[in-house]
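J.: Quick one: the structure is below, and I'll ask about it shortly.
Rule-based calculations on the coordinates, nothing more; no lab input. Every value quoted in this text rests on a predicted model; they were computed, and no experiment measured them. All Cβ positions, even for glycine, are placed from backbone atoms using ideal geometry, and neighbour counts span all protein chains on display.
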Amino acid sequence: LTQFKNEFDTRRYNHSDSFNELVMCDYSTGAITTLILTACLSGTLMPNSSLFKLHHLRYLNLSGNNFISSSLPSEFGNLNRLEVLSLSSN
């Protein structure tokens, strides 16, 4: 997860706003199932992003970020357990 955040510029965001970041894991496996990183990332979401290695992800909210790319990487399709994806206001 730290690797994913390091792929972006986060210097202009207030990291003390804990409500912008939430991670939930499956207690039995330790796999990340929920990831909320709102209004805390800036840059390009690359197809080789470590985000796409989180295969147990069910809920992903990346709304309110400053993503530069105009298209979504097709690798979102590899997150086959994903039930909710929010990318609004990017």
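J.: Does anything in the range 32-48 have its amide N under 20 Å from the 7 Å Cα→Cβ label point of SER71, and if so which residues?
T.: Inside the label zone: 43-48.
J.: Got a sec? How would THR29, THR44 order by Cβ neighbour count within 10 Å, fewest to most?
T.: THR29, THR44
J.: For LYS53 and THR29 in the same chain, what is the full-extension length gain: residue separation times 0.36 nm, less their Cα-Cα distance, in nm?
T.: In short, 7.1 nm is gained.
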